[in-house]
Amino acid sequence: MDSTTLFFLIITLIAGGLAGASLNTWLQGRKSKKYVSTQEASVLIERIEKVFKVVMAEGYFTEIYNYQNDKNIWNLINDKKKALIIAKAKVLVGYDFAKMKFHRPDGERKLVIDFFPAPEILSIDTDYKFYDIEQGWLNRFHSDDYTAILNEAKQTMNDKAMESDLPRIAGNQVQLMIFQLAASMNWSVEMKLPDGNVAMLREFTHYRTLEAQIDSLDTRKE
């Protein structure tokens, strides 16, 4: 092999190597771009408020929610959609002390409570999972359907929590806290509540079973 042939052979190998490297880089670039995703989020703070809310009890609930919707098409076809939803929630019950009314008699180390608010749900932290989703040909799930189902499941959690023993526990806790704090500072507490306020508070003194378990199997048909 003469020198000229050897020179052209070396040039050909170098050119082939460069072309192969360029092709591999291009393919890798296309492959990586195929899986590239972009995310963008905007967080807007609407307002900040000062509150005096205190959590006195928390409960954990699980609900099995069975949703079914039947749609009759021309009285010939019964097109239905259904789903099984398991909802879990952490419910915090307490008091908004901004709603309490009280005064201090002049010259006395005493706090007179004129109105005592009812216990309320301060927060519900929920988690939902959908199972066994079935849809018809025309009767299909849309975003509004999912929103309505989740809102109804959350309302059910709210109702179950208020029907449970959580409000009574919160009521006992808050009274114990108030009287212990007052006693630690050599103060006394006197409850001078209107009859309607007393009756309302008695609603939350009856014992109810704490339903922090799988507690309902509900079928909704529309």
Residues whose placed amide H lies under 5 Å from that of residue 123, excluding near-sequence neighbours: 92
What is the percent carbon and sulfur in the accessible area of region 133-199, measuring with a 1.4 Å probe over the protein chains and ignoring ligands? 53
Residue-wise HN-Hα coupling along region 45-62, computed from phi with Karplus coefficients 6.51, -1.76, 1.60 (Hz; x: Gly, Pro): 8, 6, 6, 10, 10, 7, 10, 10, 10, 10, 7, 10, 7, 9, x, 10, 10, 10
Whole number in Å², please: accessible area per residue of region 80-208, 1.4 Å probe, ligands, DNA and RNA not counted. 60
Using θ = phi - 60° and the Karplus curve 6.51 cos²θ - 1.76 cosθ + 1.60, what whole-Hz ³J(HN,Hα) does each residue of region 121-136 get, with Gly and Pro shown as x? 7, 8, 7, 10, 9, 10, 9, 10, 9, 9, 9, 6, 6, 10, 10, x
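The values are calculated or read from the model by the stated rules, or taken from the named source; none is laboratory data. Note that the structure is predicted; figures quoted are calculated from it, not measured. The area values use the complete protein model at the heavy-atom level, side chains included, leaving out ligands, DNA and RNA. Shrake-Rupley method; radii C 1.70, N 1.55, O 1.52, S 1.80 Å.
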